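The values are calculated or read from the model by the stated rules, or taken from the named source; none is laboratory data. Computed from a prediction, not measured in an experiment: that's the story for all the values here. Because the Cβ atoms are built from the backbone with ideal geometry, glycine has one as well, and the counts that use them run over all protein chains shown.
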Amino acid sequence: MIGATFRRVLPQLIILCVVLLLNFAVFPGFFHIEFQNGRLFGNLIDVLNRGAPVALLSIGMTLVIATKGIDLSVGAVMAIAGAVAASVVTGGGGWFTALIAALLAGLAAGLWNGVLVAFFRVQPIVATLVLMVAGRGVAQLITEGKIMTFLNEGLIHLGAGTILGIPTPIVIWLAMGTLVTLVVRRTALGMLIEAIGINETASRLAGINSRVLLVTVYLVSGFVAALAGVIVAADIKGADANNAGLWMELDAILAVVIGGNSLLGGRFSIVASLLGALIIQSVNSVILLSGMPPEFNLVIKALIIIVILVIQSPTVKHRLYLLRAKASSTVSDAPDVAPKAQLAKETRS
Amino acid sequence: MRDQPKPVLRARGIDKFFAGAIALDKVDLTLYPGEVHALLGENGAGKSTLIKSLTGAYHRDGGTIELDGTEINPRGPVESQKHGIGTVYQEVNLLENMSVSDNLFLGWQPVKRGMLDHRQMHRRTREILKGYGLDIDPTQLLSSYSIAIQQVVAIARAVELSGKVLILDEPTASLDREEIELVFSVVRNLTARGMAVVFITHFLDQVFEISDRATVLRNGCVVGTRKLSDVSQGDIVELMLGHHLEATKRKASHASPGDTILSLKGYGKRGMIAPFDLELRKGEVVGLAGLLGSGRTETCKVIFGVVSADHGRAELRGQPIRLNSPRIALEKRFGLCPEDRKTDGIVGDLSVRENIILSLQARQGWTRPLKRSRINQIVDEYVKALDIRLASPNMPIRLLSGGNQQKALLARWLATEPDILILDEPTRGIDVGAHAEIISLIERLREQGMALIVASSEMEELVAYSSRVLVLRDRRQVRELGGEEITTERIVKSISQGESAA
Ligand SMILES: Nc1ncnc2c1ncn2[C@@H]1O[C@H](COP(=O)(O)OP(=O)(O)OP(=O)(O)O)[C@@H](O)[C@H]1O
Ligand SMILES: [Mg+2]
């Protein structure tokens, strides 16, 4: 099982290494890590820390995409969760209450999306678009249109503090990633989610409760989005309804795609998506460290990502495969018919 | 007529390897103009693989293909169409969300002044399909029609596109006698014009009816090519299986069935199936007979709760129940092996192993995963019992041959150990050997006290295992036959007359 996971995520590992080496090339001190004032410091730690929101989002997004869905609302849910947490502590509540309230808000958002998709059969892209647009309005209502700042130590700790010297956001996304991976793979949840993503009609006829599963994946997505929202708010010590999590749903989707998961649903790997999130953050880091004018940021990011996706494309993979097949003579199990994104999905984590 | 006609297509030494399996081993196939050439063999023998290797849908690992004496190397179905080789693949691949005429004309649409000429397209579609006895609206979505109609559209498309060779991979599996007649008359027309037709099927009667010669594959090798006028069905079966096969006959002793397990009164769904009564007892097989669209599949679906009934009452062991979803039916130990295995049955990218345990796992709930050892034991047991041919249980089920997919689906439901098992066309696409085995399996299950409902378009099969036969017509139950009445002739007669229930 470990071996299969490793083979599945090998391309992502290689790409991550290459991008990290690029970082090293533009900034030789990149890999330097030190321990000061009870906290780890270094560019590598920064990548892990700054990547936390997208990493968290990608966990839920992976599951949603595995069911052939998509969740566009996660950025707005981040804003709502940040606003809820901020309003609880400014209203005199403790950090723990604030966290719980924010998570409940995330779950409520997930439930809304899930019910629309599973029971009312609204297409996921449309269903979640509603909340993507309306969600920011809700967040603005909570913050009353201004940036709601706070000084609650406990809440700030979630974004800027450390646990055993490791920045808290890193601990949170690693813990969530491990937890969700274990839950979906140690139980039958992962297989059943994949089944409805591949062929929902057949799965339903096989007796799978596809509605409950669909609601579940949107709940998970709302939950991790709320966590990400709290981290972002805690980091800037305030809830900004307009900008918190803005466009982050796109990074989350990208992380899933870079992770080699098909947007058509089915086989998925959370580990690969998390690596995808780290790849995106490392690309951001290269651009930052190279001191390029910020106008180029998005263009360069787009270019690097296009290269990554082309390398992973089924056509290129098929070519590579044929080359290898020629080298090692005959035996072939290539997907000769229309090389769909199948190859990546043969093994799973 | 020349004495020594030149072959239109000649394939020599075709090889195809898959990871863990040799699918084709130096296969030769020669087609002469004007002949119908049957390609026969067990499930997984390599028939479909051979076709795909010829048309370039698969990249072959060895061998040459000559068309009219010149070597060709089609790199895909489109290129082979350009050479005049039209193909209907086993898993019909049409675009369900496009109209009938789009599907028929995709890639060779009539154009007028640079624009698609829809008018002409629809008119031509009507004309072409009329030749197959179909009078349907070409502007409608193809998915709104039955598999049989989709099958005919696929055949019509291939016929229009083929100039020299037409390849049909199990084209008649979901067709009725009437439609089969029409397809055959088209085929005869084509061969009269000098085309060669390759015909793959598991129905030997049809092979002898239409074909001139047959090539038999076993485990990826050609075991012989015969002129059909020189051999008997038994000879061909022996060539396919490597051993002799007893004809299946109706078991004389249908021991008296046990207690009533399921009782349906006035059960039905408007627009799908008229209200019907059904008393199902333990240890009996109720056969459902009727033509395509007569309501066989609908009856199965409404009992399993795929669509919920809007009429009538259901009682399970005397207790009233509501059957309105497959999940509930599964919980109550019902099973339904659906007719359309590709869309309703297999979960293509999941492994054979996962597909087999899917329903059992769904019933246990996601929190209680089946133990690895238990899964292996179940999978091994059914792979062996049903003789599912696979390279490994970990391969995605979509890579299995059609018949083997069917067996894996049967395994999925047997693994749930149901009390009531509904089988909709359980032998579709299954080879003669496995066909006999499935019939005896149904008999064994009945003797063990299971209650079965089996819908089939093969009368002989129904006669072989049914304790009672319900005859359906126009989505209505018209007759029940029992005991001595269960003969092929009686069933055929009831279907055509539609006598009212006794
Ligand atoms: N892509 C693939 N990878 C691995 N094995 C494959 C692949 N495609 C087919 N096979 C195997 O090749 C063998 C031949 O399959 P094929 O579909 O040609 O059988 P067939 O004669 O058409 O059977 P049927 O009558 O059931 O349709 C089967 O054992 C199948 O599992
Ligand atoms: Mg086949």
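Quick notes
- Residue in segment B:15-44 that is farthest from the other protein chains (Cβ to nearest Cβ), counting only those that are part of a loop (DSSP other than H, G, I, E, B) and in contact with a strand residue (DSSP E or B) (Cβ under 8 Å, 6 or more places away or on another chain): B:GLY34
- Residue pairs whose Cβ atoms lie under 6 Å apart, separated by 6 or more positions or on different chains, with the first residue in segment B:395-408 and assigned to a helix (DSSP H, G or I) and the second of a type in the set (D, E, K, R) and more than 8 Å from ligand 1 (Cβ to nearest atom), are B:GLN405/B:ARG341; B:GLN406/B:ARG341.
- Looking at segment A:189-275, the helices (runs of 4 or more DSSP H) lying wholly inside it that each contain 2 or more residues that are polar (S, T, N, Q) sit at A:200-205, A:210-236.
- Matching residues in segment B:1-14 - criterion: being surrounded by fewer than 23 Cβ atoms within 10 Å (Cβ to Cβ) and either within 14 Å of chain A (Cβ to nearest Cβ) or acidic (Asp, Glu) (or both): B:ASP3, B:GLY13
- Subset tally (residues that are among the acidic types (Asp, Glu), crowded, with 21+ Cβ neighbours inside 10 Å and more than 7 Å from chain B (Cβ to nearest Cβ)) for segment A:187-213: 0
- Qualifying position, being within 14 Å of chain A (Cβ to nearest Cβ) and more than 16 Å from ligand 1 (Cβ to nearest atom), among B:ILE453, B:ILE420: B:ILE420
- Single condition A:VAL257 does not satisfy, out of (1) more than 12 Å from the chain's Cα centre (by Cα); (2) without any contact (Cβ under 8 Å) to a residue 60 or more places away in the chain: (1)
- Residue among B:LEU400, B:LEU470, B:LEU414 that is over 19 Å from B:GLY295 (Cβ atoms), in contact with a Leu (Cβ under 7 Å, 6 or more places away or on another chain) and not basic (Lys, Arg): B:LEU400
- Count of segment B:332-344 residues which are more than 27 Å from B:GLU315 (Cα to Cα) and either facing chain A (nearest Cβ under 7 Å) or surrounded by 24 or more Cβ atoms within 10 Å (Cβ to Cβ) (or both): 1
- Listed conditions (1) touching a Cys at 6+ places or on another chain (Cβ under 9 Å); (2) crowded, with 22+ Cβ neighbours inside 10 Å; (3) under 27 Å from A:SER210 (Cα atoms) are all met by B:LEU288, apart from (3).
- Selection of segment A:282-308 for residues being assigned to a helix (DSSP H, G or I), among the polar types (S, T, N, Q) and surrounded by fewer than 23 Cβ atoms within 10 Å (Cβ to Cβ) yields A:ASN284, A:ASN297.
- A:PHE30 meets each of the listed conditions (1) free of Cβ contacts under 8 Å to residues at least 12 places away in the same chain; (2) buried (at least 21 other Cβ atoms within 10 Å of the Cβ); (3) among the aromatic types (Phe, Trp, Tyr) apart from (1).
Condition check ((1) away from every other protein chain (no Cβ under 14 Å); (2) more than 16 Å from B:ALA455 (Cβ to Cβ); (3) assigned to a strand (DSSP E or B)) across all residues:
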{"residue": "B:GLY271", "(1), (2), (3)": "yes, yes, no"}
{"residue": "B:LEU278", "(1), (2), (3)": "yes, no, yes"}
{"residue": "B:VAL286", "(1), (2), (3)": "yes, no, yes"}
{"residue": "B:LEU292", "(1), (2), (3)": "yes, no, no"}
{"residue": "B:LEU323", "(1), (2), (3)": "no, yes, no"}
{"residue": "B:GLY348", "(1), (2), (3)": "no, yes, no"}
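- If you check B:LEU441, B:LEU414, B:LEU399, B:LEU409 for being more than 11 Å from chain A (Cβ to nearest Cβ), touching a strand residue (DSSP E or B) at 6+ places or on another chain (Cβ under 9 Å) and at negative phi, only one passes: B:LEU414.
- Among (1) more than 14 Å from chain B (Cβ to nearest Cβ); (2) under 30 Å from B:ARG333 (Cβ atoms), the one test that A:VAL217 misses: (1)
- Screening B:ASN219 against (1) under 22 Å from B:ASP28 (Cα atoms); (2) more than 16 Å from ligand 1 (Cβ to nearest atom) leaves a single unmet condition, (2).
- If you go through segment B:28-50 and keep only what is within 14 Å of ligand 2 (Cβ to nearest atom) and not polar (S, T, N, Q), you end up with B:ALA38, B:LEU39, B:LEU40, B:GLY41, B:GLU42, B:GLY44, B:ALA45, B:GLY46, B:LYS47, B:LEU50.
- Within segment B:80-87, the presence of at least one residue that is within 14 Å of chain A (Cβ to nearest Cβ), under 24 Å from B:ASN404 (Cα atoms), within 16 Å of ligand 1 (Cβ to nearest atom) and of a type outside the set (Phe, Trp, Tyr) is confirmed.
- Looking only at segment B:18-41, and only at residues there that are farther than 24 Å from B:LEU228 by Cβ and of a type in the set (A, V, I, L, M), the one that is farthest from ligand 1 (Cβ to nearest atom): B:ILE22
- Qualifying residue in segment B:345-356 (condition: at pLDDT below 90 and within 16 Å of ligand 1 (Cβ to nearest atom)): no
- In segment B:353-382, the residues that are over 22 Å from A:GLU200 (Cβ atoms) and more than 11 Å from chain A (Cβ to nearest Cβ) reach residues that are aliphatic (A, V, I, L, M) and outside any helix (DSSP H, G or I) with C-beta atoms within less than 9 angstrom, at least six apart or across chains, in these pairs: B:ILE378/B:LEU370; B:ILE378/B:ALA415; B:VAL379/B:ALA415; B:GLU381/B:ALA415; B:TYR382/B:ILE388; B:TYR382/B:ALA415.
- Within segment B:384-435, the set of residues being basic (Lys, Arg) and away from ligand 2 (no atom under 16 Å from the Cβ) comprises B:LYS384, B:ARG412.
- Residue within segment B:97-110 that is assigned to a strand (DSSP E or B), in contact with a His (Cβ under 9 Å, 6 or more places away or on another chain), more than 16 Å from ligand 1 (Cβ to nearest atom) and at pLDDT below 95 present: yes
- Filtering segment B:40-58 for residues that are over 17 Å from B:GLU91 (Cα atoms), modelled with pLDDT of 90 or more, surrounded by fewer than 17 Cβ atoms within 10 Å (Cβ to Cβ) and out of contact with any Phe, Trp or Tyr (no Cβ under 9 Å at 6 or more places or on another chain) leaves an empty set.
Yes/no matrix, rows are residues, columns are (1) farther than 21 Å from B:VAL159 by Cα; (2) within 16 Å of ligand 2 (Cβ to nearest atom):
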{"position": "B:THR55", "(1), (2)": "no, yes"}
{"position": "B:HIS59", "(1), (2)": "yes, no"}
{"position": "B:THR64", "(1), (2)": "yes, no"}
{"position": "B:ASP68", "(1), (2)": "no, no"}
{"position": "B:ILE72", "(1), (2)": "no, no"}
{"position": "B:SER80", "(1), (2)": "no, no"}
{"position": "B:ILE85", "(1), (2)": "no, no"}
{"position": "B:TYR89", "(1), (2)": "no, yes"}
